[in-house]
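Below is one structure, written out as structure tokens, with a few remarks after it.
The values are calculated or read from the model by the stated rules, or taken from the named source; none is laboratory data. The structure displayed is predicted, hence computed values, not measured ones. Reconstructed Cβ throughout: ideal geometry from the backbone, glycine too, with neighbour counts over all protein chains shown. What goes into the accessible areas is simple: the full protein's heavy atoms, side chains included, and nothing from ligands, DNA or RNA. Shrake-Rupley method; radii C 1.70, N 1.55, O 1.52, S 1.80 Å.
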Amino acid sequence: MQCIYRLELSGCNEITEGGLWTCLNPKIVSLSISDCINVADDTIGAISQLLPSLYELTLQAYHVTDAALAFFSSKQCNTLCVLKLHSCWEITNHGIVNVVHSLPNLTVLSLSGCSKVTDDGIELIAENLRKLRSLDLSWCPRITDAALEYIACDLGQLEELILDRCQHVTDIGVGYLSTMTSLTKLFLRWCTQVRDFGIQHLYTMKSLRVLSLAGCNQLTSSGFMGLRQMRQLEELELTNCPTATHDVCKYLKDNMPKCMVIE
């Protein structure tokens, strides 16, 4: 195991914490653990102690709590840049406090499915993780427009934002995002409160290259056709949108020849 630099463990329900620790060598730079039922807070403690060169950590663990995130220390401060916490249901804003204080150099952060994180947690992220390039808040049901205001005000280098299934995001929040000149990818899948007025804010976002409005069922054909103004788009996803008919998609394809329209 001493020559391994990248390790991925998925569905290894028989592996114990002790067994996992024996897999960890100091040369590992990328570690992904998902659906391993015995993974808990002590596992994160071992990772923080045994992997000083860790650059990327992806974790899907239902039993990990805020206490685990307190294990990160100065060893990871300058090396860990990518942190993906998927469906870590017990993580709250208190855990976010530990992350922003211990890992100030993060460039990629995913909190997808971390359903207890609220706008206050996002405010902490926006104020302290100014180097972020990618932020995934999909399936975070407590996120509202207020969080998007924090993001737009403070994360000036953000290039990718994923808000899939954030049901409380409205046109107001989209308006905040429209001021972000660095944003190149925006995913609003199944943000069902977004309407035509919100989409109109996006027309001025000249840096945007990828936009997903899949499942945004409040949008009208008129709102979709207005997207023709975004000629710089390279990819536009309109699946599961009742009013994004074949004719509407053909109209967009004809007027946006450089854009791949996914219908």
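A quick yes/no check of all residues on (1) within 14 Å of the chain's Cα centre (by Cα); (2) farther than 23 Å from Leu69 by Cα; (3) surrounded by 20 or more Cβ atoms within 10 Å (Cβ to Cβ):
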{"position": "Ile122", "(1), (2), (3)": "yes, no, yes"}
{"position": "Glu127", "(1), (2), (3)": "no, no, no"}
{"position": "Asp136", "(1), (2), (3)": "yes, no, yes"}
{"position": "Trp139", "(1), (2), (3)": "yes, no, yes"}
{"position": "Leu148", "(1), (2), (3)": "yes, yes, yes"}
{"position": "Cys153", "(1), (2), (3)": "no, yes, no"}
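Of the listed requirements (1) touching a strand residue (DSSP E or B) at 6+ places or on another chain (Cβ under 9 Å); (2) under 22 Å from Ser110 (Cα atoms), Thr192 misses just one: (1).
Just to be sure I understand, how many residues within the stretch 34-63 are aliphatic (A, V, I, L, M) and closer than 21 Å to Pro104 by Cβ? The number of residues fulfilling the criteria is 6. Inspect the stretch 46-55 for any residue being assigned to a helix (DSSP H, G or I), within 19 Å of Cys114 (Cβ to Cβ) and not hydroxyl-bearing (Ser, Thr, Tyr) and give the result as yes or no. Yes: one or more hits.
The residue of the stretch 169-226 that is surrounded by the fewest Cβ atoms within 10 Å (Cβ to Cβ), among those that are of a type in the set (Ser, Thr, Tyr) and in a helix (DSSP H, G or I), is Ser222. For the stretch 244-263, the condition of being part of a strand (DSSP E or B), surrounded by 14 or more Cβ atoms within 10 Å (Cβ to Cβ), under 20 Å from the mean Cα position of the chain (by Cα) and among the hydrophobic types (A, V, I, L, M, F, W, C) holds for none of the residues. Could we say that Ser87 is open to solvent by 10 Å² or more (accessible area, probe 1.4 Å) and at positive phi here? Considered against the rule, which asks whether it is open to solvent by 10 Å² or more (accessible area, probe 1.4 Å) and at positive phi, Ser87 comes out as yes.
Asp119 meets the conditions (1) more than 18 Å from Arg133 (Cα to Cα); (2) charged (D, E, K, R); (3) out of contact with any helix residue (DSSP H, G or I) (no Cβ under 7 Å at 6 or more places or on another chain) in every case but one. The failed one is (3). Of the residues in the stretch 39-58, not one is open to solvent by 10 Å² or more (accessible area, probe 1.4 Å) and at positive phi. Within the stretch 145-168, being out of contact with any Asp or Glu (no Cβ under 9 Å at 6 or more places or on another chain) and either modelled with pLDDT under 95 or not in a helix (DSSP H, G or I) (or both) holds for Leu155, Gly156, Gln157, Leu158, Glu159, Arg165, Cys166, Gln167.
Matching residues to (1) under 21 Å from the mean Cα position of the chain (by Cα); (2) over 24 Å from Leu155 (Cα atoms); (3) free of Cβ contacts under 8 Å to residues at least 60 places away in the same chain:
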position: Tyr5; (1), (2), (3): no, yes, yes
position: Cys12; (1), (2), (3): no, yes, yes
position: Thr43; (1), (2), (3): no, yes, yes
position: Ile47; (1), (2), (3): no, yes, yes
position: Ala68; (1), (2), (3): yes, yes, yes
position: Pro104; (1), (2), (3): yes, no, yes
position: Thr107; (1), (2), (3): yes, no, yes
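Residues that are open to solvent by less than 60 Å² (accessible area, probe 1.4 Å) and polar (S, T, N, Q) do occur in the stretch 9-29.
Screening Val64, Val82 for residues that are crowded, with 16+ Cβ neighbours inside 10 Å, farther than 16 Å from Leu7 by Cβ and of a type in the set (A, V, I, L, M) leaves exactly one candidate, Val64.
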